[in-house]
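Here is the structure we will look at.
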Amino acid sequence: SLSLSLSLSLFFSHQAGTPMRMAKVIVVGPPQSGKTALVRRIVHNSFQGRQGNDPGPVAEAWGVPGGSGLELLFHELGKSSVYATAHHLFLQIRTIFLVVWNPKADRDDSRGLLRVHAAIRSVLDRAPEAKILLVTTHRDAGAHEMSEPGLESLWSKCQRHIVGYFHTSSRDGSNVARLLDRIVVLAQGLDQMDILLPPGFLSLRSRLRRLRGIRDASLTISRAEWDTFANEANVWGKEADRALGLFHAFGEVLRLPQDPSGEDVVLCPQRFADVLARALDGTCKFTRDGFLRYGHLAKVWQGYDKRLWPAFVRFLHDAGLA
């Protein structure tokens, strides 16, 4: 948001340090659009066919070659409607959106365009200033490009947000390099890209990523544990609090809505989408007539610390998901 960007700029603009040149690329779109395959082609330059089950949220990092230090964090949020509407967890700053559609998945273009427009509106409802790239997939399989009338229709409704269109194939890589070049250009022009951060913040970020990579890592740590963790990276006192706020804004962590003195910090926001899905997925057998009863929370969130349940419920309300 603008106020967040201003506060970050005011705090960090006169500090000595190193820029954290990172941008988020949120990949959304209807099911069967080829979102996961597109991310794999971009990040690993390889192709993997259709996945049988929804893998849920996927996060992949890609360092832009050439010494710029720019890193792109791709977030593909899965097929479930819960995952697909969870992109606001990662939004606040430094974000580009890819709205992806497979024309072969729809019998007629009008239905597909309605789904594309719905995906765009879902983005703009949470990020009114979003920059959006439209991507169609399965070019190698004969999928046609988005029609000129279709593009004009979307452009007329969202013209200041749509900043490019690419017709791609993840199987043979057609036009993926051109798409990536455009993403890099947009990322380099995002606000706050050159903010200087204290060296300890970058060390803290590296430590955080290593912690997330540990198998069976906890979903959350307490605020006291965060402070200890920050101290070990030589980030102390108020700077530990500022680092927490900054990493929350960048989507590195998620602060649960609790009293600050006793709050918990979600180490991997992508994993938190599963918490939401357990309560909001249409297949949840513990909801009745659209209501989730408190007496069922133990079954819905079995395996999660009971102390966290009130924060989960409050998050659902605060985020407008329930």
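The values are calculated or read from the model by the stated rules, or taken from the named source; none is laboratory data. Just so you know, these numbers come straight off a predicted model, no measurement behind them. Note that each Cβ is placed from the backbone with ideal geometry, even for glycine, and that neighbours are counted across all protein chains shown. Note: accessible area is taken over every heavy atom of the protein model, side chains too, but ligands, DNA and RNA are not part of it. Shrake-Rupley method; radii C 1.70, N 1.55, O 1.52, S 1.80 Å.
From Leu151, Leu196, grab the single residue that is open to solvent by 40 Å² or more (accessible area, probe 1.4 Å), touching a Pro at 6+ places or on another chain (Cβ under 8 Å) and among the hydrophobic types (A, V, I, L, M, F, W, C). Before the answer, list the steps.
Working: Leu151 fails: touching a Pro at 6+ places or on another chain (Cβ under 8 Å).
None of the others qualify; the one that does is Leu196.
Of the residues making up region 127-144, those that are within 23 Å of Arg94 (Cα to Cα), surrounded by 12 or more Cβ atoms within 10 Å (Cβ to Cβ) and either of a type in the set (A, V, I, L, M) or free of Cβ contacts under 8 Å to residues at least 24 places away in the same chain (or both) are Ala127, Ala130, Ile132, Leu133, Leu134, Val135. Kindly indicate the residue of region 154-193 that is of a type in the set (Lys, Arg), within 15 Å of Lys131 (Cα to Cα) and part of a helix (DSSP H, G or I) and also most open to solvent (accessible area, probe 1.4 Å) among those meeting that condition. So, considering only residues that are of a type in the set (Lys, Arg), within 15 Å of Lys131 (Cα to Cα) and part of a helix (DSSP H, G or I), the one most open to solvent (accessible area, probe 1.4 Å) is Lys157.
Of the residues Leu219, Leu202, the single one that is open to solvent by 20 Å² or more (accessible area, probe 1.4 Å), in contact (Cβ under 8 Å) with a residue 60 or more places away in the chain and of a type in the set (A, V, I, L, M) is Leu202.
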